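Asker: Take this structure, written in structure tokens, and hold onto it; I'll ask about it next.
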Amino acid sequence: MHFAYADPPYLGCCKLYGHRHEEPWGCWDDPETHRALLDHLHNTYDGWAYSLSEPSLDVLLPLAPPRSEGRRTGAWTKSFSAYKRNVRIAYTWEPVFFKPGRDSSKDGAPVGRDHLRCPIALQRGLTGAKPEVFCEWVKVLVGWVPGDDLTDVFPGTGVMSDVLAQGALL
């Protein structure tokens, strides 16, 4: 089966990545860019996962494929996270839209949870880099089993590729 994971620049955060507007996507400050990527994932892959920020949830949820078409929402809660200056209540969780390609464990897909609690990745050289255990969780969310492929749409630090190279689920 064919799966994908997308961790694009979060809505309103395009400036953090130098306003690079790679084709075919465009500006990540525009909700329509996120809609186009979500549509692409939904129409191209058997299963997929999409990271977003909690502040963008109200805008992006109506643009995501409907729950009736298999889309669910998971939560990554951060047991350790960075605090931002003058932000009184820290942002310590992130939503993850996902659509399982396998929704049953009968064919070998691992049983898991729609939430993960783990610390953020530190000193990975890229804002928002995900830890290895997060990538393992994404594999569980989509129903990945050895032999499947998983495209990392925004490879960034390459951590998803490293986790996939390890093969079997932890």
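Asker: Among (1) part of a strand (DSSP E or B); (2) without any contact (Cβ under 8 Å) to a residue 40 or more places away in the chain, which single condition is PHE98 missing?
Answerer: Here PHE98 meets the rest and fails (2).
Asker: Looking only at the range 75-120, count how many residues are β-branched (Val, Ile, Thr), exposed (fewer than 13 other Cβ atoms within 10 Å of the Cβ) and under 24 Å from GLY147 (Cβ atoms).
Answerer: Total satisfying the criteria: 1.
Asker: Let me ask something additional. Here's a check for you: in the range 7-27, which residue that is surrounded by 13 or more Cβ atoms within 10 Å (Cβ to Cβ) and not in a loop (DSSP other than H, G, I, E, B) is modelled with the highest pLDDT?
Answerer: CYS14
Asker: Scan ASP30, ASP58 and give me the residue that is free of Cβ contacts under 8 Å to residues at least 12 places away in the same chain, in contact with a helix residue (DSSP H, G or I) (Cβ under 9 Å, 6 or more places away or on another chain) and not basic (Lys, Arg).
Answerer: It is ASP30.
Asker: Take GLY74 and decide whether it is within 21 Å of PRO8 (Cα to Cα), touching a helix residue (DSSP H, G or I) at 6+ places or on another chain (Cβ under 8 Å) and not hydroxyl-bearing (Ser, Thr, Tyr).
Answerer: For GLY74, the condition - within 21 Å of PRO8 (Cα to Cα), touching a helix residue (DSSP H, G or I) at 6+ places or on another chain (Cβ under 8 Å) and not hydroxyl-bearing (Ser, Thr, Tyr) - is met.
Asker: Let me confirm something: among ALA75, ALA36, which residue is under 17 Å from the mean Cα position of the chain (by Cα), at pLDDT 85 or above, assigned to a helix (DSSP H, G or I) and not charged (D, E, K, R)?
Answerer: Being under 17 Å from the mean Cα position of the chain (by Cα), at pLDDT 85 or above, assigned to a helix (DSSP H, G or I) and not charged (D, E, K, R) holds for just one of ALA75, ALA36, which is ALA36.
Asker: I'd like the full set of residues that are in contact with a Leu (Cβ under 8 Å, 6 or more places away or on another chain) and at pLDDT 90 or above, limited to the range 108-134.
Answerer: Residues satisfying the conditions are GLY112, ASP114, VAL133, PHE134.
Asker: Whether any residue in the range 114-123 is within 12 Å of VAL142 (Cβ to Cβ) and either out of contact with any strand residue (DSSP E or B) (no Cβ under 9 Å at 6 or more places or on another chain) or in a strand (DSSP E or B) (or both) is what I want to check.
Answerer: No: zero hits.
The values are calculated or read from the model by the stated rules, or taken from the named source; none is laboratory data. None of these values were measured; they are calculated from a predicted model. Positions of Cβ are backbone-derived with ideal geometry, glycine not excepted, and every protein chain shown enters the neighbour counts.
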